[in-house]
Amino acid sequence: MFYYDFHNQIAKMKKKILIEGMSCGHCVNHVKEALEDLGAVNIDVSLDGKFADAEVGDSSDESIKAAIEDAGYDVVGIENI
């Protein structure tokens with residue numbers, strides 16, 4: 001989903017990232033930090049659901065996957081929401 005943020009005047013993309021390998025709260029924090037390092041905002045990481053939702057700006061799926069995999073987790077899919 002695209003939307004226009006009039007306050008920041010940039011278009012943002014919201015993504016759902018499907019993640020395997022998270023087993024605890026520390027894992028959730030590592031994934032969140034990896035996404036924050038890309039500039040993502042409004043990040044919600046679900047340990048039970050095995051996913052993260054985030055507004056990722058203009059980050060590519062490849063860069064999102066690489067950041068999370070560099071943190072030690074497997075990305076099994078990325079969806080636009």
Within the stretch 6-28, is even one residue of a type in the set (Gly, Ala, Ser) and at pLDDT below 95? yes
Of 49, 39, which residue is under 14 Å from residue 18 (Cα atoms), out of contact with any helix residue (DSSP H, G or I) (no Cβ under 7 Å at 6 or more places or on another chain) and outside any helix (DSSP H, G or I)? 49
State all residues of the stretch 39-50 that are surrounded by fewer than 20 Cβ atoms within 10 Å (Cβ to Cβ) and at negative phi; if no residue qualifies, say none. 41, 43, 44, 46, 47, 48, 49
List pairs: first in the stretch 57-68 and modelled with pLDDT under 95, second buried (at least 17 other Cβ atoms within 10 Å of the Cβ) and not aliphatic (A, V, I, L, M), Cβ under 9 Å, 6+ apart or cross-chain? 57/12; 58/12; 59/15
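The values are calculated or read from the model by the stated rules, or taken from the named source; none is laboratory data. Since we're looking at a predicted model, the values are computed, not measured. All Cβ positions, glycine included, derive from the backbone under ideal geometry; neighbour counts span all protein chains shown.
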